[in-house]
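The values are calculated or read from the model by the stated rules, or taken from the named source; none is laboratory data. Source: prediction; values computed, not measured. Ideal geometry is used to build each Cβ from the backbone, glycine not excepted, and the neighbour counts take in all protein chains shown. Areas reflect the complete protein model, heavy atoms only, side chains present, ligands, DNA and RNA absent. Shrake-Rupley method; radii C 1.70, N 1.55, O 1.52, S 1.80 Å.
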Amino acid sequence: MLALTDRVPTLNLDVSNEPGGPDATRPFGLTVLTSMVTVGPRPTVTIDPDTQLSVLEGLTVIDDLLTAMANSSCNTESDGKDAIAIDSDANDD
Amino acid sequence: MTIGTGGGTRGTSPRVLVVTHDLDPTADYVLRELNLRQVPFWRTDLADFPQQMSLTVALAPGGQWQGSMSGILRGIDLSELRAVWWRKPTAFRWPGTMTAPEQRFASSQAKRSVIGTLGSLPSVLWVNRPERNSDCTKPAQLTAATEAGLAVPATLITNDPQAVRPFAEACGGRIITKVLGGIVHTEDGKRGQLYTSRVPPERWDDPRIALTAHLFQQEITPKAYEIRVTCVAGELFAARIDAPDGPGQLDWRTDSANLRYTGIDLPLTVRAAILNMLYRLGLVYAAIDLIVDAAGTPWLIDVNAGGQWAFIDCTRTAITQALADLLEKAARHD
């Protein structure tokens, strides 16, 4: 039986400014929340018109900015180490 | 096949649609390879619609939708479309003055039109269909894994605090909790993670379990190592993950800087079971997590339908090539 979920899942890069609520109504699953960091302004990202690769402040990301994929926020779905981007896919963990 | 300089294929009608957000280095590895192979593609995001993308389609007498999607620099004739790589798109983006109710209406229209039209096209390879990604919930994947013959930890999903203690005791007192969706949570202007965590006995009766559904699972211990298996259209690429002592032993995402990755071969029975599971889930691509216990038994932990893969050095090139091969083969198909 197919789950009645949103059939077009999308990545959510929004950061909520709403603070957490009182303990009594804070779901159990959020008690393990960790590594909270203040989120800075998102960097300027464009797509190269010819190669269609990601460009960050004028530099091609995979050629100029990533010497290794490990330790970047492209490490698994999200490892909390915000080197370049926020990865906040609500559908994958 | 023409070997190009990798500088792009602007001016050539694209046959591959890549749907992802604008900062996706993982996807870029494949896109760079497609450029080298001179495979024409169009990279776009749902967020481009409608302000930077237009859709005009009409129903032909034979029942097929014809027309095009067009961006600022590129577009695609739907009759040319052969593959859609559904990576990590962000949501449709509306003018700032559009009210929330107006946006809800617009989103409903857009989702059914853009995705509905693309989804109705015959003979198009999807990696993956978005509805398959959406349906790959924890309950669905654990069922598919079990039916396929993989070992799966005992699992409880409940919002009844009274249900946790008997389950935990049946698991020998060692249970963990993990989220059913994404591990990133934002609030108060901050971003944090919800890693897999042990649940000690004093928390088994926590009344806040009642506030929503929670997943509890038997902890697989002692753990020998873990495996990340990336599947591309039936090809499996497996990497063993060893975490040093510390928090990474329970959830390796907590200690990504110190992990060791090595290529590993999977037993034939495990390979067959994984492929069977993915067939049941309707996934062309997936990144799968296994825990291997001290007895050598691999346990299915997670199926990430949109999982990342480029962070593992020893398998990155092979997976890049496999994805490029898949998309190129589709693009060359008449």
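Results, tabulated for the structure shown:
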quantity: Hits in region B:44-73 - residues which are of a type outside the set (A, V, I, L, M) and open to solvent by less than 20 Å² (accessible area, probe 1.4 Å); calculated: B:T44, B:D45
quantity: Test set (1) open to solvent by less than 50 Å² (accessible area, probe 1.4 Å); (2) in a strand (DSSP E or B); (3) in contact with a strand residue (DSSP E or B) (Cβ under 7 Å, 6 or more places away or on another chain) - B:T186 fails condition number; calculated: (3)
quantity: Test: B:A324 is in contact with a Pro (Cβ under 9 Å, 6 or more places away or on another chain), farther than 28 Å from B:I176 by Cα and assigned to a helix (DSSP H, G or I); calculated: no
quantity: Some residue of region B:304-316 being assigned to a helix (DSSP H, G or I), within 13 Å of another protein chain (Cβ to nearest Cβ) and within 25 Å of B:K138 (Cα to Cα); calculated: no
quantity: Total residues in region B:198-209, condition open to solvent by less than 50 Å² (accessible area, probe 1.4 Å) and either farther than 20 Å from B:T254 by Cα or of a type outside the set (V, I, T) (or both); calculated: 5
quantity: In region B:212-265, the residues that are open to solvent by 40 Å² or more (accessible area, probe 1.4 Å), in a strand (DSSP E or B) and touching a residue at least 24 places away in the same chain (Cβ under 8 Å); calculated: B:Q218, B:K223, B:A224, B:Y225, B:E235, B:R240, B:Y261, B:T262, B:G263
quantity: Matching residues in region B:122-180 - criterion: being touching a strand residue (DSSP E or B) at 6+ places or on another chain (Cβ under 9 Å), within 13 Å of chain A (Cβ to nearest Cβ) and closer than 30 Å to B:Q66 by Cα; calculated: B:W126, B:N128, B:R129, B:P130, B:R132, B:N133
quantity: Within region B:1-109, strands (runs of 3 or more DSSP E) holding 3 or more residues that are at the interface with chain A (Cβ under 8 Å from one of its Cβ atoms) and under 25 Å from B:L326 (Cβ atoms); calculated: B:41-44
quantity: Filtered residues of region B:26-43 (kept if touching a strand residue (DSSP E or B) at 6+ places or on another chain (Cβ under 6 Å) and within 22 Å of A:L13 (Cα to Cα)); calculated: B:D28, B:R43
quantity: Residue in region A:19-48 that is surrounded by the most Cβ atoms within 10 Å (Cβ to Cβ), counting only those that are modelled with pLDDT of 85 or more, in contact with a strand residue (DSSP E or B) (Cβ under 6 Å, 6 or more places away or on another chain) and part of a loop (DSSP other than H, G, I, E, B); calculated: A:L33
